[in-house]
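S.K.: The structure that follows is given in the form of structure tokens.
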């Protein structure tokens, strides 16, 4: 684990974008198990999180026509219990960080893993997330 002082700016970058920190397994469960959609961002201290994932997530949230009902983040390597619980919802997928998921009614509907993030620019990540938000988070009328 890194000293908390080092990761505060990395945490705050997502919080300023309107994403709630979840630091316990109970916090993760409380968000993910609610009806509707939940964005789950697995934050990391690595360079691809700093230069690609966090800026891409911020761009997507600032420009998306549709938004998830809830937005949470866990910090890999720092908040282990919360991170493990978030990853437990990503059934059948290996744990990676960073990662971005969209849960719908407690089930994994979308997952962007590290290998995608590493090969993409922040703008490409934002575009892909906005596409996923449009597909999965748009409210339908009966």
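The values are calculated or read from the model by the stated rules, or taken from the named source; none is laboratory data. For clarity, every value in this text was computed on a predicted model and none was experimentally measured. For neighbour counting, all protein chains shown are included, and Cβ atoms are generated from backbone atoms with ideal geometry for every residue, glycine included.
S.K.: Select from the range 100-135 the residues that are in contact (Cβ under 8 Å) with a residue 40 or more places away in the chain and over 19 Å from residue 58 (Cβ atoms) and list them in ascending order.
M.R.: Across the range 100-135, the qualifying residues are 103, 104, 105, 106, 109.
S.K.: Related question: For the list (1) over 22 Å from residue 21 (Cα atoms); (2) buried (at least 20 other Cβ atoms within 10 Å of the Cβ), I need the number of the one condition that residue 119 fails.
M.R.: (2)
S.K.: Just checking, does the range 90-99 include any residue being touching a residue at least 24 places away in the same chain (Cβ under 8 Å), under 12 Å from the mean Cα position of the chain (by Cα) and over 18 Å from residue 116 (Cβ atoms)?
M.R.: No.
Rundown of residues vs (1) in contact with a helix residue (DSSP H, G or I) (Cβ under 9 Å, 6 or more places away or on another chain); (2) surrounded by fewer than 18 Cβ atoms within 10 Å (Cβ to Cβ); (3) within 22 Å of residue 106 (Cα to Cα); (4) in contact (Cβ under 8 Å) with a residue 24 or more places away in the chain, yes/no style:
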residue: 8; (1), (2), (3), (4): no, yes, no, no
residue: 13; (1), (2), (3), (4): yes, no, no, yes
residue: 20; (1), (2), (3), (4): yes, yes, yes, yes
residue: 34; (1), (2), (3), (4): no, yes, yes, yes
residue: 39; (1), (2), (3), (4): yes, no, yes, yes
residue: 47; (1), (2), (3), (4): no, yes, no, no
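S.K.: Now for a separate question. Looking at the range 131-142 only, could you name the residues that are part of a helix (DSSP H, G or I) and surrounded by fewer than 18 Cβ atoms within 10 Å (Cβ to Cβ)?
M.R.: Once the filter is applied, which keeps residues that are part of a helix (DSSP H, G or I) and surrounded by fewer than 18 Cβ atoms within 10 Å (Cβ to Cβ), the range 131-142 yields 131, 134, 135, 136.
S.K.: Still on this model: Could you tell me whether residue 55 is in contact with a helix residue (DSSP H, G or I) (Cβ under 6 Å, 6 or more places away or on another chain), in contact (Cβ under 8 Å) with a residue 40 or more places away in the chain and closer than 30 Å to residue 5 by Cβ?
M.R.: So residue 55 fits the description; yes.
S.K.: Among the residues of the range 113-130, which ones are in a helix (DSSP H, G or I) and closer than 17 Å to residue 83 by Cα?
M.R.: Passing the criteria: only 114.
Every residue, every condition in (1) at pLDDT below 95; (2) touching a strand residue (DSSP E or B) at 6+ places or on another chain (Cβ under 8 Å), yes or no:
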{"site": "2", "(1), (2)": "yes, no"}
{"site": "10", "(1), (2)": "yes, yes"}
{"site": "16", "(1), (2)": "no, no"}
{"site": "19", "(1), (2)": "no, yes"}
{"site": "23", "(1), (2)": "no, yes"}
{"site": "31", "(1), (2)": "no, yes"}
{"site": "35", "(1), (2)": "no, no"}
{"site": "41", "(1), (2)": "no, yes"}
{"site": "48", "(1), (2)": "yes, no"}
